[in-house]
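Colleague: Before anything else, here's the structure in question.
Values in this text are rule-based calculations from the coordinates and carry no lab data. Since we're looking at a predicted model, the values are computed, not measured. Every residue, glycine as well, gets a Cβ built from its backbone with ideal geometry; the counts of neighbours run over all protein chains shown.
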Amino acid sequence: MATIIATAAAVHSAALAPPLGRAALSSRRRATAARMGEWVQLGSCSTRVEVPASTAFALISDYPRWPEWSPWLDKVEVRSDDGATTSRWFLRWKMVNVNWTSKNVEERPSSLVRWESTSGLRNGGRTLVTPEAGRVDACTVDISL
């Protein structure tokens, strides 16, 4: 399990680190964007991991665990409304505290989840997990934020 968490951390950091590095220079602008409701797009990445696709997807879609590998997230709360997953995200980075609510707008078991914010910081993204051809113990994880 520790290897899977380390992999999730690497995927998450690869997607967020460069854009958030730039954001560090303009954290006031990001905070202003959050108040004004601008759509925030951070980046994307793809990585191959040596775990079954179902295992990778289970970890990536377990939102309350994201703070274990994301230094920017304080906590994530999840609930299901009308069959759709809704989550409340709390980001704390240096002097910036931002939160938002997101709803999964598309879900395919063990392969895809796409979400959009419904309140707070406007954002969206997609995680796609693709099994490696001919193998059951490896997959590619694509994350777009």
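Colleague: Need one number: nm distance between label points at Arg108 and Asp82, each 7 Å from Cα along Cα→Cβ, rounded to one decimal.
Modeller: Calculated label separation equals 2.4 nm.
Colleague: OK, next. Could you work out the local net charge near Pro64, counting Lys and Arg as +1, Asp and Glu as -1, over the other residues with Cβ closer than 14 Å to its Cβ? Write out the running numbers ahead of the final one.
Modeller: On the way: positive: Arg65, Lys75, Arg79, Arg88; negative: Asp62, Glu68, Asp74, Glu77.
Around Pro64, the charge tally is 0.
Colleague: Quote the relative contact order of the range 44-144 in percent (integer), defining contacts as alpha-carbon pairs under 8 Å separated by 6+ residues.
Modeller: On the way: 218 pairs, mean separation 30.3, N = 101.
Contact order relative to length: 30 percent.
Colleague: Okay, moving on. Any idea which of Pro109, Ser44, Thr140 is furthest toward the positive side of the dipole for the range 44-144, if Lys and Arg beta-carbons carry +1 and Asp and Glu beta-carbons -1?
Modeller: Most positive-ward Cα: Ser44.
Colleague: Okay, next question. Please give, to one decimal in nm, the separation of the simple spin-label points placed at Glu68 and Arg92, each 7 Å out from Cα toward the Cβ.
Modeller: Label at Glu68, label at Arg92, 2.0 nm between them.
Colleague: Binning at 10 Å from 0, report for the range 44-144 what percent of all alpha-carbon pair distances ends up in each bin.
Modeller: Over the range 44-144, the share of Cα pairs per 10 Å bin runs 15, 45, 31, 9, 1 percent.
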